[in-house]
Amino acid sequence: CGPCIREIPALKALESELHDENIEFVSVSIDKAEDKEKWLSFLTDKEMGGLQLLADGAWKSDVATAYNIKGIPRFLLIDEAGKIVSANAPRPSDAKIKQVLLN
């Protein structure tokens, strides 16, 4: 989606800047399984880092339903124990995100 694509430069900059921190960036695509090749091509074209996942089942996937994701982009912060710290975290382009991640 357009808003997701607009966040990519900020996400890549944030990943690069916080590379040495104990933070894992995980991106989950809610695309349909039949669009897998298109998604893989997009990842290569945009040189996406972090962990990239495709949610099997799109909007009915375990990820979308477990985290009550109804729209994208959606940013979650999850701690090392799997507990949701923020179900609606600031976007990578938001100036507040670095403070949220480092606290």
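Could you tell me whether residue 91 is in contact (Cβ under 8 Å) with a residue 40 or more places away in the chain, closer than 15 Å to residue 4 by Cβ and among the charged types (D, E, K, R)? Quick ask: steps written out before the conclusion?
Values: in contact (Cβ under 8 Å) with a residue 40 or more places away in the chain: yes; closer than 15 Å to residue 4 by Cβ: yes; among the charged types (D, E, K, R): yes.
Considered against the rule, which asks whether it is in contact (Cβ under 8 Å) with a residue 40 or more places away in the chain, closer than 15 Å to residue 4 by Cβ and among the charged types (D, E, K, R), residue 91 comes out as yes.
Of all residue pairs spaced 6 or more apart or on separate chains, those with beta-carbon atoms under 8 Å, a first member in the range 41-70 that is on the phi > 0 side of the Ramachandran plot and a second member that is open to solvent by 100 Å² or more (accessible area, probe 1.4 Å) are 50/24; 58/32. Being open to solvent by less than 70 Å² (accessible area, probe 1.4 Å), more than 17 Å from residue 101 (Cα to Cα) and small (Gly, Ala, Ser) holds for only one residue in 66, 87, 13, 55, and it is 55.
Which of the residues belonging to the range 16-40 are assigned to a helix (DSSP H, G or I), touching a residue at least 40 places away in the same chain (Cβ under 8 Å) and open to solvent by less than 70 Å² (accessible area, probe 1.4 Å)? Steps first, please.
Here is the first cut: in the range 16-40, the ones assigned to a helix (DSSP H, G or I) are 16-17, 33-40.
Keeping just the survivors that are touching a residue at least 40 places away in the same chain (Cβ under 8 Å) gives 17.
Answer for the range 16-40, where residues must be assigned to a helix (DSSP H, G or I), touching a residue at least 40 places away in the same chain (Cβ under 8 Å) and open to solvent by less than 70 Å² (accessible area, probe 1.4 Å): there is none.
Count of the range 41-52 residues, restricted to those that are under 25 Å from residue 17 (Cα atoms) and open to solvent by 60 Å² or more (accessible area, probe 1.4 Å), is 6.
The values are calculated or read from the model by the stated rules, or taken from the named source; none is laboratory data. All values reported here derive from a predicted model rather than from experimental measurement. As a convention, Cβ positions derive from the backbone with ideal geometry for all residues, glycine included, and neighbour counts pool all protein chains shown. Keep in mind that these areas ignore ligands, DNA and RNA; they rest on the heavy atoms of the full protein, side chains included. Shrake-Rupley method; radii C 1.70, N 1.55, O 1.52, S 1.80 Å.
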